[in-house]
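Worksheet for the structure shown next.
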Amino acid sequence: MLNAAQLKALSVFAIFAIIGFGPISPGCLIGMYVVVKRPDWFHRLVRGIYDYSDNADFVSAAEARAARIKSFAGLFLLFLVDILPLPVTPVIAFAIILSRPRWFYRTVRRVYGQMA
């Protein structure tokens, strides 16, 4: 069963799939913004999607920085791939939102570091 956060995220990425044809990928741009600025709204959204209690391990500043660099690089490469007239980012986002893999939650925890 989908929760409210999953439905919100799926709705947004469905819109991104429709408007994402062309050289600009809104999903990747927002993802890169999230990695750089680490806004509270994204962390709340992920926690809502996963519905986990926050009993996470300590994440050092160095680990958080490394996760941010790797995540930004991955999103930038995805942004380049999304230049093709095929919306790749929304398809990946749908899979993550629906399957809720643990690796994604751990990556968000590392990106946010001790801010989370």
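The values are calculated or read from the model by the stated rules, or taken from the named source; none is laboratory data. Keep in mind that this is a model prediction, so the values were computed, not measured. Note that each Cβ is placed from the backbone with ideal geometry, even for glycine, and that neighbours are counted across all protein chains shown. These accessible areas exclude ligands, DNA and RNA; they are computed on the full protein's heavy atoms, side chains included. Shrake-Rupley method; radii C 1.70, N 1.55, O 1.52, S 1.80 Å.
Of note:
- Answer residue from the range 82-97, given it is modelled with pLDDT under 90 and surrounded by 14 or more Cβ atoms within 10 Å (Cβ to Cβ) and is nearest to Ile15 (Cα to Cα) among those: Pro90
- Residue match in the range 52-64 (condition: part of a loop (DSSP other than H, G, I, E, B), in contact with a helix residue (DSSP H, G or I) (Cβ under 6 Å, 6 or more places away or on another chain), touching a residue at least 24 places away in the same chain (Cβ under 8 Å) and within 23 Å of Arg109 (Cβ to Cβ)): yes
- Subset tally (residues that are more than 15 Å from Phe94 (Cβ to Cβ), in a helix (DSSP H, G or I) and open to solvent by less than 70 Å² (accessible area, probe 1.4 Å)) for the range 16-25: 0
- Among residues of the range 78-97, those that are in contact with a helix residue (DSSP H, G or I) (Cβ under 9 Å, 6 or more places away or on another chain) and under 26 Å from Val59 (Cβ atoms), counted: 7
- Filter result (touching a helix residue (DSSP H, G or I) at 6+ places or on another chain (Cβ under 7 Å) and assigned to a helix (DSSP H, G or I)) within the range 37-50: Phe42, His43, Leu45, Val46, Gly48, Ile49, Tyr50
- In the range 26-46, the qualifying residues are those that are within 20 Å of Ala4 (Cα to Cα) and more than 9 Å from the chain's Cα centre (by Cα), and the one that is most open to solvent (accessible area, probe 1.4 Å) is Arg44.
- Residues located in the range 105-116, provided they are assigned to a helix (DSSP H, G or I) and either surrounded by 16 or more Cβ atoms within 10 Å (Cβ to Cβ) or modelled with pLDDT under 90 (or both): Tyr105, Thr107, Val108, Arg109, Arg110, Val111, Tyr112, Gly113, Gln114, Met115
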